[in-house]
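Peer 1: For reference, the structure I am asking about is given below.
The values are calculated or read from the model by the stated rules, or taken from the named source; none is laboratory data. In this text the structure is predicted, and so the values were computed from the model without any measurement. Neighbour counts are summed over all protein chains in view; Cβ atoms, including those assigned to glycine, are modelled from backbone coordinates with ideal geometry.
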Amino acid sequence: MSAGPMLQLQGLKKAYKGKAALRGLDLTVNDNEIFALLGPTGAGKSSTLLASAGLIELDAGRVDLAGRDVTDADPASRDVAIVFEGFNLLPVLDVKDNIAFALRSPEFREAEDEIARRVGRTAELLRISHLLDRDVGTLSGGERQRVAIARALVRRPVMFLLDEPLSALDLKLREGLRAELRQIHRQYRSTMLYATHDYHGAIAIADRIGIIDGGVLQQAGPIEEIYRLPANVLVGKLIGSPSMAFLEAHVESGHVVIKGAEQRLPIGEFGTVAPGSGKVLLGVWPEDIEVGPAGAEGASAGTVYAVDNRGFERAIQVETPAGSFRKVVPLSMPVAQGDACSFRIPARAGFLFDAESGRRISQTGEGGR
């Protein structure tokens, strides 16, 4: 994989009717990588993609694509393909002509035999060859989304911008299409910026992940690196399944004291701790929290608030005086809603965050992973 940047966004700002969507966003997508932009609704994902494509006018910032400044360049000159959550298909054309539409535009003007070859190959990759002669109005939602993706992929642009492209599909179709996108990426060494609110989708497809919230990139890197040192509380809340547990705590006499808990954690376990506002949040990945029967020695008390069966495992929600957390446990663990239980944080398994700013103040790299 090339280490050079395909897309560089610097200081992007955009407001709609006075409401800020992007607040100085910086982002780099390397050549030949799939970069997933993960964040909740309203985080700024779509505005980031629209700005990259030149489809919105920025209030401030710079967009570099394939080594050139395209901040003020016309969208058609950027050679990117964008797939929105909506299908945006042309109802007057059949599937084959929808996919071929861009190749017949004045910018490309491909020969008809080349168009037929590329449409056929892309349709085969997305497993829609049998639909090529159908009217788009006769297709299911999943089929239409595949056609929309095929219309973008057939072009071989310098970059693909995919905005929640699979969210309208059922789980099995989503998994299948994620595999197809990875295959297309491998085959053509294409660069993709993939915006999604789906954590599982992001880690399944991406080489690197960027967590966006409030119009700002909170952290970016391989998922293992983000797990090892999450930058702030927002990152902890947006990754993981279940996401990070946050427990109210304070520092006292060289120990982290969890609110209402028996267990006290030596501050030395967290490495160097930067000064904060005084109150702290102890963040722990649920996989690292030990849950057992009530009264376990050296553990703290909790209550099982909810139990969700998942077939071969179950997820439980545990309420404690310091906050609640969710954790996946084996079916063999005897647990029922309303049960008293205990929980324990292993040595060097957590991170400390400033309770007011949300930033991580412990510098250890050992937390949990």
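Peer 1: What pairs come up if the first residue lies in the range 203-219 and is without any contact (Cβ under 8 Å) to a residue 24 or more places away in the chain, the second is part of a strand (DSSP E or B) and of a type in the set (Val, Ile, Thr), and their beta carbons are under 6 Å apart, counting only those six or more places apart or on different chains?
Peer 2: Close Cβ pairs satisfying both conditions: Gln218/Ile211; Gln219/Ile211.
Peer 1: Select from the range 217-229 the residues that are surrounded by 18 or more Cβ atoms within 10 Å (Cβ to Cβ) and either part of a loop (DSSP other than H, G, I, E, B) or not hydroxyl-bearing (Ser, Thr, Tyr) (or both) and list them in ascending order.
Peer 2: If the condition is that a residue be surrounded by 18 or more Cβ atoms within 10 Å (Cβ to Cβ) and either part of a loop (DSSP other than H, G, I, E, B) or not hydroxyl-bearing (Ser, Thr, Tyr) (or both), then Leu217, Gln218, Gln219, Ala220, Ile223, Ile226, Leu229 are the ones that fit.
Peer 1: Determine whether Ala322 is free of Cβ contacts under 8 Å to residues at least 60 places away in the same chain and in the same structural domain as Ala245 (by TED's automatic domain parsing).
Peer 2: Criteria not met by Ala322.
Peer 1: Consider the range 182-203. How many of its residues are under 19 Å from Leu125 (Cα atoms) and in contact with a Ser or Thr (Cβ under 8 Å, 6 or more places away or on another chain)?
Peer 2: So the count comes out to 1.
Peer 1: Kindly evaluate Val284 against the criterion of being under 32 Å from the mean Cα position of the chain (by Cα), over 26 Å from Val329 (Cα atoms) and crowded, with 19+ Cβ neighbours inside 10 Å.
Peer 2: Spelling it out, it is not the case that Val284 is under 32 Å from the mean Cα position of the chain (by Cα), over 26 Å from Val329 (Cα atoms) and crowded, with 19+ Cβ neighbours inside 10 Å.
Peer 1: Would you say Ala179 is free of Cβ contacts under 8 Å to residues at least 24 places away in the same chain, out of contact with any strand residue (DSSP E or B) (no Cβ under 7 Å at 6 or more places or on another chain) and either within 19 Å of Ala123 (Cβ to Cβ) or among the β-branched types (Val, Ile, Thr) (or both)?
Peer 2: Yes: the conditions hold for Ala179.
Peer 1: Same structure, new question: From the set of residues in the range 145-159 that are of a type outside the set (Val, Ile, Thr), modelled with pLDDT under 90 and not in a helix (DSSP H, G or I), which is surrounded by the most Cβ atoms within 10 Å (Cβ to Cβ)?
Peer 2: If we take residues in the range 145-159 being of a type outside the set (Val, Ile, Thr), modelled with pLDDT under 90 and not in a helix (DSSP H, G or I), then Arg155 is surrounded by the most Cβ atoms within 10 Å (Cβ to Cβ).
Peer 1: Got at least one residue in the range 290-305 being in contact with a Pro (Cβ under 8 Å, 6 or more places away or on another chain) and under 21 Å from Pro230 (Cβ atoms)?
Peer 2: Yes.
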